[in-house]
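Enquirer: If you scroll down you'll find the structure; I have some questions about it.
What follows is calculated from the coordinates using simple rules that are stated; it is not laboratory data. Since the structure is predicted, the reported quantities are computational estimates derived from the model, not experimental observations. Cβ: placed from backbone, ideal geometry, glycine included. Neighbour counts: every protein chain shown.
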Amino acid sequence: MTRNNGVQRWVATGLALGLALTTTACGGNLGSGSDAGAEDFPGGDPITIYVGADPGGSTDLIARALADGAADDLGVAVTVENKPGANGTLAARELGGEKPNGHTLMVFNGSLAYITPLAVPEDEAVDIGDYEIITGVSQDDYVLVTAPSSGLATIDALKNAGRPITYGTTGVGTGSQLAQALLFGQAGVQATAVPFDGGAPTLTAVLGGQVDVGAIQLGEAVEQIEAGQLTPIVTFAEKRPSYLPDTPTVVEAGFDVAVQQSRAVFAPKGTPQPVLDRLRTSFQKVFGSDTYKKFNQDNQLTPNEIDGAQLRDQWSANLATYRKVAEQYGIDLGSEK
């Protein structure tokens, strides 16, 4: 059975770091849009997009691509502000307290809505009903990777390691954690979770041998896989991604562990409908651009550009599915064992 030693300690540390070290980074378009004082969007004030993770991960890259694409159309500067901590919970709470005027948004990770609730008490879980959903954005698959020097290039090698395996996750209550906990639980691999705050530090930990393996979004691992710095073991997809045709899926390997990440753009509850409509129209223009389509392709992202109502239904269904499978296999993402 999979063990999650130290999870609660890591959560507390992540919360403290997130509160103390809010990192701001611009999306690269401070000079874009209208001149100072000119009226555009609903007013000429800049837009800030929160990302609940460190710079460099998939969510951060997506937010910056959206910011760059929307700035000219909206006529205002659009910046990205990184607020890592607790798998995005800190950023989500802060978003909920912002003025509902369309000038503060967040790229939400789906796992915050449909996996984190499996790891925290009900009163600590983020409820997507407390926000307005502007648009769905994209989905991507997780890949289990290891350093070539580890000698752990297959699931059988993990099972026969003769010692507990350490696995890096992108945070407590993430798809990365759930996918690996389900896999190792079903495969009979003795393993201990080591949570990080996002894909970038998880990737660094695997590359540096701080952990044996880690599940990371495919787009975050592409460069290192191509360079031979990482070995893909399995993907957590139902079908083999076109980029990794020779890497088996967990479903092919006989495990019920298909887990996918999803992202959407949220706004504070009460944001006026005309403002939401204007923002959605702008993001739809970004989605349709050749530049953004290439961004999706380069980062192994599948478009999921549905409207807010459809996104809400989709994520609610995911929560029910993952809750059922976690209960079925006795996985407790928030426990210390």
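Enquirer: What is the order of GLU81, GLU220, fewest Cβ neighbours within 10 Å to most?
Expert: Numbers: GLU81 19, GLU220 26.
In increasing order of surrounding Cβ atoms, one gets GLU81, GLU220.
Enquirer: Please compute one quarter of the surface area of the Cα convex hull for the range 141-259 and express it in square nanometres.
Expert: 6.2 nm²
Enquirer: Could you tell me which label, among [x] 23.2, 97; [y] 19.5, 66; [z] 19.0, 60, carries the value of Rg and Dmax of the Cα atoms in Å calculated for this structure?
Expert: Answer label, from the structure shown: [y].
Enquirer: Of the cross-linked pairs LYS239/LYS324; LYS99/LYS285; LYS83/LYS269; LYS239/LYS269; LYS294/LYS324; LYS239/LYS293, which ones have a Cα-Cα span greater than 27 Å in the structure shown? Show your work: numbers first, answer last.
Expert: Details: LYS239/LYS324 22 Å; LYS99/LYS285 25 Å; LYS83/LYS269 20 Å; LYS239/LYS269 37 Å; LYS294/LYS324 36 Å; LYS239/LYS293 21 Å.
Result: LYS239/LYS269; LYS294/LYS324 exceed 27 Å.
Enquirer: Further question: In debye to the nearest 20, how big a dipole does the range 141-259 give about its Cα centre with +1 on each Lys and Arg Cβ and -1 on each Asp and Glu Cβ?
Expert: Dipole of the range 141-259, to the nearest 20 debye: 280 debye.
Enquirer: Here's something else I'd like to know. Grab the other residues whose beta carbon is less than 14 angstrom from that of ASP54, score K and R as +1, D and E as -1, and report the net.
Expert: -2
Enquirer: Give me the one-decimal nm value for the distance between modelled label points at GLU98 and TYR329, 7 Å along each residue's Cα-to-Cβ direction.
Expert: Taking the two extended label points, one gets 3.5 nm.
Enquirer: Continuing with the same structure: How many angstrom lie between the Cα centre of the range 228-299 and the Cα centre of the range 315-330?
Expert: With the range 228-299 and the range 315-330 each reduced to a Cα centre, they are spaced 20 Å.
Enquirer: Let me ask something else about it. Sort largest first and round to whole Å: the equivalent ellipsoid semi-axes of the range 204-311, each the square root of five times a Cα gyration tensor eigenvalue.
Expert: Here the semi-axes work out to 33, 16, 15 Å.
Enquirer: Within the range 163-177, which residues have the backbone N less than 18 Å from the label spot 7 Å out from ALA253 along Cα→beta-carbon, could you tell me?
Expert: It comes to 163-170, 175-177, nothing else.
Enquirer: I want to check the label-to-label distance for LYS159 and THR302. Put each point 7 Å from Cα in the C-beta direction and report it in nm to one decimal.
Expert: Simple spin-label model gives 2.7 nm for this pair.
Enquirer: Mean Kyte-Doolittle of at least 0.5 plus a Cα span of 15 Å or more along the axis: flag which DSSP H helices in the chain meet both, please.
Expert: Helices meeting the span and hydropathy rule in the chain are 7-20, 175-187.
Enquirer: So for the chain, taking the charge dipole from beta-carbon charges (+1 Lys/Arg, -1 Asp/Glu), which of LEU144, THR271, LEU319 sits furthest toward the positive end?
Expert: Of the listed residues, the answer is LEU144.
Enquirer: Right, something else. Return the calculated 222 nm mean residue ellipticity for the chain, to the nearest 500 deg cm²/dmol, obtained by summing -39500 (n - 2.57) across DSSP H runs with n ≥ 4 and dividing by the residue count.
Expert: Only helices count here, giving -11500 deg cm²/dmol.
Enquirer: Apply the Karplus curve 6.51 cos²θ - 1.76 cosθ + 1.60, θ = phi - 60°, to the phi angles in the range 128-142 and return the couplings in whole Hz, x for Gly and Pro.
Expert: Once rounded to whole Hz, the list reads 5, x, 8, 9, 9, 9, 7, 6, x, 10, 7, 10, 8, 9, 8.
Enquirer: So if R0 is 35 Å, what FRET efficiency would ALA320 and ASP246 give, r being the distance between their Cβ atoms, rounded to the nearest 0.05?
Expert: 0.55
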